[in-house]
Amino acid sequence: MSSRYFLSILMAFSLLFGASLKAQTPTKKYALKDSINVRDKDKMRQWSYENNLTNYPAKKRNNWALGFKGGYSFISGDVRAEAAPGFAINLRKALGHTVSLRAEVGYSIAKGQNWRDNGGFLKNDALNGTNNPAADYTVLTHPFVFYNFRSQLWDGSLQAVFNLNNINFYKKNPKWNLLAFAGIGAMLYRTNVDALDASGSTYDYTMVSNTLRDGSLTTAQARKDVLNQLNNMMDGTYETMGQSHTTAPKIGDYTFLGTATVGFGLAYRVSRRVDLTFEQKATLTFDDLVDGQRWEETLTLTSNFDYAMLTSLGINFRIGKGEDALWWQNPLDEPLDRIRNMDLSMDKANKDSDGDGVMDLYDKEALTPKDAVVDVKGRAIDSDGDGLQDFRDAEPFSPKGAQVDSQGAALDSDKDGVIDLYDDEPNTPAGKQVDAKGRTINVQTSTVSAAALDLNEMMPIVNFDFGKTEVKQSYYAQLYQVAKIMKDNPSIKIRVTGHADNRNTSDFNQKLALKRAENTVAFMTKNFGVDSGRFVVESKGSGEPVVTDLPDKHNTKVEDLHSLNRRVEFSVITQ
């Protein structure tokens with residue numbers, strides 16, 4: 001196979017594979033609640049989290065910040081420290097809400113001047129003529145000096161910064177942040193001492209009174225007096241190279257050494273992009289010559305290393321997108337907000353402001369009047385479909401299709417007791433007696449017994465589901481008509497007869513039919529205010545079927561016929 005042919009196949013495969021990947025890459029833009037803090041490549045995962053498809057959100061943007069600080073620098077070593085300036089610049093990157101990395105470079109000057117005289121200088125190369133032949137104090141008659149130094153320090157370090165209080169159960173994103181940091185780095189330092197006066201001669205320290213040897217430096221004022229005399233005597237040129245390691249790595253006049261850094265600080269957030277800090281940093285040098293002195297009075301080495309200290313105030317500027325730097329964001333805010341919103345939703349879900357039995361979360365009519373009958377969505381029901389909801393309807397179960405007045409009552413134009421829907425003579429003259437269809441009855445006397453009226457023609461039949469005894473809503477209007485007949489004819493009583501189909505034992509069917517009749521009477525008594533004493537309840541069980549010769553086993557082909565036998569009937573009891 002030629003190389004050209006092989007490359008052609010490889011190129012074709014690459015194009016097909018690239019097209020496949022492109023086809024699989026989602027192009028839909030997902031709406032996110034938190035998009036500014038999420039990287040573009042993580043937006044799909046954030047969308048899944050916000051829509052409860054995963055338990056964990058996308059990782060937030062790894063923020064950067066550029067910082068500047070300056071303050072008071074000093075060396076904690078063998079010589080009393082004096083105030084000197086120190087500065088640093090740093091670049092910080094968040095690894096998460098708690099830990100971030102910070103690269104820092106600083107420059108400082110450290111100075112020192114002892115108020116105590118010291119005779120252990122014979123091995124100090126800066127004072128015994130080794131570094132500068134003119135600065136040889138070993139030939140003087142007075143056997144003591146007052147140590148001083150000035151050091152120039154360049155240091156760099158990589159630090160891990162730990163936020164100690166941005167994860168807080170009791171407060172949203174804080175304004176104050178306590179932090180600690182530690183790291184490793186390197187330092188370049190050069191130390192000089194002021195060993196010669198302006199004429200190039202060694203200082204005559206015998207001119208300094210009240211030395212420790214006569215025991216008078218027991219008070220702060222006495223020590224201050226000594227320091228004032230030294231400052232007046234010395235020219236502050238620091239012309240002599242301090243003692244340093246002969247074998248240590250050097251860059252020019254600077255000694256190079258490895259360091260470790262520790263510290264703590266307090267930060268205050270001014271805005272989402274700016275914060276201020278107060279920090280105390282200690283740089284462990286693992287070296288005892290940063291202050292140019294390491295000898296005891298007895299000409300033995302001191303036991304402690306020198307520490308470079310920087311007490312500083314700083315300002316930091318956040319770089320890049322995002323509402324806040326991760327070290328200022330409380331990662332508990334989002335889950336705590338979710339829990340609170342869930343609690344609020346549950347409170348709303350369990351609340352039923354209008355007392356209609358439908359919780360507010362699902363209620364489409366939140367202000368339904370008390371005791372109004374509603375559907376599963378909390379909407380007031382209009383049972384008879386006349387345009388008036390039941391709680392406003394004087395006759396909530398008017399017959400379907402009947403014309404009603406403004407109160408929802410079915411119209412009876414001739415006031416004969418038969419509504420227009422059922423009235424064959426809607427214009428019967430006033431005072432005429434009519435039958436159940438509103439037709440005039442010719443009578444020989446002025447009074448007619450209610451039992452003589454053909455009220456039974458108006459009585460409905462109420463059917464029931466298999467094995468059930470509850471009255472179905474579809475029959476509420478028919479039962480209302482029975483109640484209205486009874487109210488219009490207060491002297492009559494009604495026989496309520498329950499029936500069952502033949503698909504059970506006779507004893508069971510007898511009880512089932514009786515329960516149907518009793519539930520029907522109870523419904524009318526409760527909802528329409530008819531006196532229960534005006535009903536006579538009886539059960540025929542399965543003994544008087546409307547449709548006969550039906551199988552006593554379940555058969556879907558004849559279920560409609562069985563339903564005709566599961567019924568309650570009404571009839572007027574004649575006196």
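Derivation of every value follows stated rules applied to the coordinates shown; laboratory data play no part. Keep in mind that what you see is a predicted model, and the values were worked out from it rather than measured. Glycine gets a Cβ as well: all are built from the backbone with ideal geometry, and neighbour counts include every protein chain shown.
Multiplying the residue separation of Asp371 and Val105 by 0.36 nm and removing their Cα-Cα distance gives an extension gain of 88.1 nm.
Cα convex hull, the range 449-575: 106 Å³ per residue, rounded to a whole number.
The dipole here belongs to the chain: it is taken about the Cα centre, uses +1 on the Cβ of Lys and Arg and -1 on the Cβ of Asp and Glu, and is about 1640 debye.
Taking the inverse of the mean 1/r over every pair of distinct Cα atoms in the chain gives a Kirkwood hydrodynamic radius of 35.4 Å. Sorted largest first, the principal axis extents computed over the alpha-carbon atoms of the range 293-339 equal 70, 26, 15 Å. Taking the longest Cα principal axis of the chain as reference, the axis of helix 333-350 is set at about 20 degrees.
Taking Cα atoms only, the orientation of helix 476-488 departs from the longest principal axis of the chain by about 50 degrees. Packing, taken as the mean count of other beta carbons within 10 Å per residue, orders the peptides 295-301, 552-558, 360-366 from highest to lowest as 360-366, 295-301, 552-558.
Helical runs (DSSP H, four residues minimum) scored at -39500 (n - 2.57) apiece and divided by the length of the chain put the mean residue ellipticity at 222 nm at -6000 deg cm²/dmol. The stretch between Ile573 and Met44 holds 182.8 nm of extra length on full extension. This uses 0.36 nm per residue minus the Cα-Cα distance. What shape does the range 453-526 have by the C-alpha gyration tensor, where a ≥ b ≥ c are the square roots of the eigenvalues, rounded means a/c under 1.5, and otherwise prolate means a/b greater than b/c and oblate the rest? In terms of gyration-tensor shape, prolate.
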